[in-house]
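Presented below is the structure to which this report refers.
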Amino acid sequence: MEIHMTTSVIGLFESGDVAGKVVGALTKSGIEKDAIDILEDVAASEISSRLIEAGYEKDQAERYGKAMRNGGALVVAEAEDAAADAVLKTMRSFKTLTPEALIELTDKQPAESEEVETAQVIEEELEV
């Protein structure tokens with residue numbers, strides 16, 4: 001019996017729409033659909049535990065979890081070692097993001113407006 005080693009290849013994308021296109025391209029290239037996960041709109045702890053399971057360091061995994069608090073989608077594909085480079089290349093053709101780049105894209109509000117909103121929330125609580 002042959003043993004095939006697999007590698008978890010991850011890609012961070014701006015949205016679930018992009019992630020869906022990535023999955024389509026990966027399945028066309030021969031990756032089984034059940035070997036691909038899309039993580040979107042899930043708790044940061046779930047994202048980081050999934051990445052730790054995939055072999056990522058805890059602090060790196062937590063960076064992804066934090067980056068996705070305002071959006072984004074993570075694609076995790078299990079590929080045989082021989083196919084991992086092709087999977088990575090496919091993902092990169094759809095503009096993979098670093099956690100920091102995703103935060104820049106999803107944190108559209110400047111810090112000032114956040115302070116104003118917080119002040120308004122506090123005022124409303126005081127009136128009640």
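The values are calculated or read from the model by the stated rules, or taken from the named source; none is laboratory data. Since the model is a prediction, treat every value here as computed from it, not as a measurement. Cβ atoms come from the backbone with ideal geometry, glycine included; neighbour counts cover every protein chain shown. Only protein heavy atoms, including side chains, enter the accessible area calculation; ligands, DNA and RNA are left aside. Shrake-Rupley method; radii C 1.70, N 1.55, O 1.52, S 1.80 Å.
Give me Rg over Rh for segment 51-110, both radii from the alpha carbons and Rh done the Kirkwood way, two decimal places. Display every interim value, and only then the final one.
Numbers: Rg = 13.0 Å, Rh = 12.8 Å.
Expressed as Rg/Rh, it is 1.01.
Could you tell me which of N70, A84, Q60 has its Cα farthest along the dipole of segment 57-99 towards the positive end, charges placed at Cβ (Lys, Arg +1; Asp, Glu -1), taken about the Cα centre?
N70
Taking the Cα centre of segment 5-92 as origin and charging only Cβ (+1 Lys, Arg; -1 Asp, Glu), how large is the dipole, in debye to the nearest 20?
Details: 10 positive and 16 negative charges, 62 e Å.
Approximately 300 debye in magnitude.
Say the cut-off is 21 Å between C-alpha atoms; which of K21/K66; K21/K95; K21/K58; K58/K108 go over it? Can you show the working numbers first?
Values: K21/K66 24 Å; K21/K95 11 Å; K21/K58 28 Å; K58/K108 27 Å.
Among K21/K66; K21/K95; K21/K58; K58/K108, the Cα-Cα distance tops 21 Å for K21/K66; K21/K58; K58/K108.
Once you order the gyration tensor axes a ≥ b ≥ c over the Cα atoms, which shape class does segment 1-74 get: rounded for a/c under 1.5, otherwise prolate or oblate by comparing a/b with b/c? Let's see the in-between values first.
On the way: a/c = 2.76, a/b = 1.26, b/c = 2.20.
Verdict is oblate for segment 1-74.
Please report how far the C-alpha centroid of segment 1-54 lies from that of segment 77-109, rounded to the nearest whole angstrom.
10
Which whole-number percent of Cα pairs in segment 1-43 have a distance greater than 17 Å? Intermediate values should be presented prior to the final figure.
Working: 346 of 903 pairs.
Of the Cα pairs, 38 percent sit more than 17 Å apart.
Given contacts defined as C-alpha pairs under 8 Å and at least six residues apart, what's the relative contact order of segment 1-83, whole-number percent? All intermediate terms of the calculation are to be shown ahead of the outcome.
On the way: 107 pairs, mean separation 43.2, N = 83.
Contact order relative to length: 52 percent.
Hey, any idea what % of segment 46-113's accessible area is carbon plus sulfur with a 1.4 Å probe? Kindly include the intermediate steps, with their values, before the conclusion.
Details: 2020 of 4040 Å².
The computed percentage sits at 50.
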